[in-house]
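Q: Pasting a structure below so you can have a look.
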Amino acid sequence: MIKSFLILINFSILLFSSEQIVLVVANDFNTSHAKLAFYDGHTLLLKAEVNIGTKGLAWGIGEKKFDHKQNEPLKYEGDQKAPAGIFALQNIFGYGYSSASNLPYLHTSKELICVDDSNDRFYNRIIQAHGSEKSFENMRRKDYQYKYGVTVAHNNEGVKQRGSCIFLHIQREEGAGTAGCTSMKEKDLKKLISLLDKKKHPILIQIPKSRAKEIKKLYPVLQNSELLRQN
């Protein structure tokens, strides 16, 4: 009993240690559009319209396991759904050789790929291409959607078929759903990147509005968030 209690305490410390929250709320699991609000403590610093998966949301693997109802989907590879849940924001990536960001920065060369073959030992990892990968995504895209972006820590352990290569990135066009990432206007992404700070343990909370009450209990700092108000 004591051991279980200590595990819960340690988990709570991890869960609530974030001072920066990127909150993304969709009306339901089936929409490809959502709204974003970025909080640094109690301060709202950015509001934006964003695009999520073409087929909506599905529960992913992140910092906390949510109980899901039987009719709520789980995130799987290739389902064109963005992961719902709570996820750490790991690093910034981009085409430039350096960045003024306060998160770790990864320069995306032409050889850099993200592996989406769940049978590969590097599944859901960004690596230098070896030439033997069967399925992957180029991190230096010609359409500039990855000119800069943020890596979302979804499925960090690389559980087979549970989804890979999840990012915050530049939208293809206004209103265009994604293959599973969260996209937005370039100006909004640039501002978000400039505000993220590794010392403040930034996280992404991405949910359907039906889970608003649960999130407000977990994160009292969001009690007055406009996105979490339920009629």
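Every read-out reported here was derived from the displayed coordinates using simple, explicitly stated rules and does not represent laboratory data. Because the structure is a prediction, the values reported are computed rather than measured. Here Cβ is always computed from backbone atoms with ideal geometry, including for glycine, and neighbour counts include all displayed protein chains.
Q: With a cap of 16 neighbouring Cβ atoms within 10 Å, and only residues DSSP puts in a loop, list the GluC sites (Glu not before Pro) found in region 90-138. Spell out each step's value before the answer.
A: Numbers: sites: GLU111, GLU133, GLU137; in loops: GLU111, GLU133.
For GluC sites (Glu not before Pro) across region 90-138 that sit outside H, G, I, E and B with at most 16 neighbouring Cβ atoms in 10 Å, the list reads GLU111, GLU133.
Q: Computed from the mean reciprocal separation of all distinct C-alpha pairs, what Kirkwood hydrodynamic radius does region 18-220 have, in Å? Before the final figure, lay out each step's value.
A: Working: mean 1/r = 0.0593 Å⁻¹.
After inverting the mean inverse Cα-Cα distance, the result is 16.9 Å.
Q: May I ask what percent, to the nearest 5, of DSSP beta bridges between residues of region 18-220 are antiparallel? If you can, show how the numbers build up before the last one.
A: Details: 32 of 50 bridges.
Just about 65 percent of them are antiparallel.
Q: Still on this structure: Sort LYS35, LYS47 so the one with the fewest other Cβ atoms within 10 Å of its own Cβ comes first. Can you show the working numbers first?
A: Numbers: LYS35 16, LYS47 12.
Lowest to highest Cβ neighbour count: LYS47, LYS35.
Q: List the aspartates and glutamates whose Cα sits under 16 Å from the Cα of LYS142, skipping any in the same chain fewer than 8 residues away.
A: LYS142 reaches GLU111, GLU173, GLU186.
Q: Could you list which residues have their amide H under 5 Å from that of TRP59, counting only those 5 or more apart in sequence or on another chain, with H placed in the peptide plane?
A: Residues meeting the criterion, in which the H sits 1.01 Å from N, are LEU74, LYS75, ALA84.
Q: Using only the alpha-carbon atoms, how far is helix 2-16 inclined from the longest principal axis of the chain? Give it as 0 to 90 degrees, nearest 10.
A: Value to nearest ten degrees: 70.
Q: Expressed as a whole number of Å, what is the distance separating the alpha-carbon centroids of region 40-57 and region 137-211?
A: Comparing the Cα centres of region 137-211 and region 40-57, I get a distance of 10 Å.
Q: Can I ask one more? Between GLN70 and LEU45, what's the calculated FRET efficiency when r is the beta-carbon distance and R0 is 41 Å? Round to 0.05. Don't skip to the answer; put the middle values down first.
A: Numbers: r = 38 Å, r/R0 = 0.92.
Efficiency at R0 = 41 Å is approximately 0.60.
Q: Something else about it: Explain nothing, just the number: relative contact order of region 140-231, from Cα pairs under 8 Å at least 6 residues apart, as a whole percent.
A: RCO, region 140-231: 18 percent.
Q: Let me ask another. Report, to the nearest 10°, how far helix 186-195 tilts away from the longest principal axis of the Cα atoms in the chain, using its own Cα long axis and a range of 0 to 90°.
A: 60 degrees
Q: Cross-link list LYS65/LYS216; LYS160/LYS209; LYS81/LYS185; LYS160/LYS190; LYS35/LYS191: which exceed 23 angstrom alpha carbon to alpha carbon?
A: Details: LYS65/LYS216 16 Å; LYS160/LYS209 28 Å; LYS81/LYS185 20 Å; LYS160/LYS190 32 Å; LYS35/LYS191 16 Å.
LYS160/LYS209; LYS160/LYS190, as the Cα separations exceed 23 Å there.
Q: Which value, in debye to the nearest 20, gives the size of the charge dipole of region 18-220 about its Cα centre, when Lys and Arg are +1 and Asp and Glu are -1 at the Cβ? Write down the numbers at each step before the final one.
A: Numbers: 31 positive and 23 negative charges, 73 e Å.
Once rounded to the nearest 20, the dipole reads 360 debye.
Q: Enumerate cysteines in the chain without a disulfide-compatible partner, where compatibility requires another Cys Cβ under 4.7 angstrom.
A: CYS181
Q: Going by C-beta contacts inside 10 Å, put ILE127, ILE113 in order with the fewest on the left. Kindly include the intermediate steps, with their values, before the conclusion.
A: Details: ILE127 15, ILE113 22.
Going from least to most buried by this count: ILE127, ILE113.
Q: Further question: With a cap of 15 neighbouring Cβ atoms within 10 Å, and only residues DSSP puts in a loop, list the trypsin sites (Lys or Arg not before Pro) found in region 173-212. Numbers along the way, then the final one.
A: Details: sites: LYS185, LYS187, LYS190, LYS191, LYS198, LYS199, LYS200, LYS209, ARG211; in loops: LYS185.
When the trypsin sites (Lys or Arg not before Pro) of region 173-212 are filtered for loop state and at most 15 Cβ neighbours within 10 Å, LYS185 remain.
Q: Rounded to the nearest 0.05, what FRET efficiency do GLN161 and HIS201 have when you use their Cβ-Cβ distance and R0 = 30 Å? Intermediate results must be reported in sequence, preceding the final value.
A: On the way: r = 29 Å, r/R0 = 0.97.
Efficiency computed from Cβ-Cβ geometry: 0.55.
Q: Which residues in region 181-197 place their backbone N less than 20 Å from a point set 7 Å from the Cα of ARG141 along the Cα-to-Cβ direction?
A: The answer is 181-194.
Q: Calculate for the chain the 222 nm mean residue ellipticity that helices alone would give, adding -39,500 (n - 2.57) per DSSP H run of length 4 or more and normalising by residue count, nearest 500 deg cm²/dmol. Before the final figure, lay out the partial values.
A: Details: 3 runs with 32 residues, N = 231.
Mean residue ellipticity, 222 nm, calculated: -4000 deg cm²/dmol.
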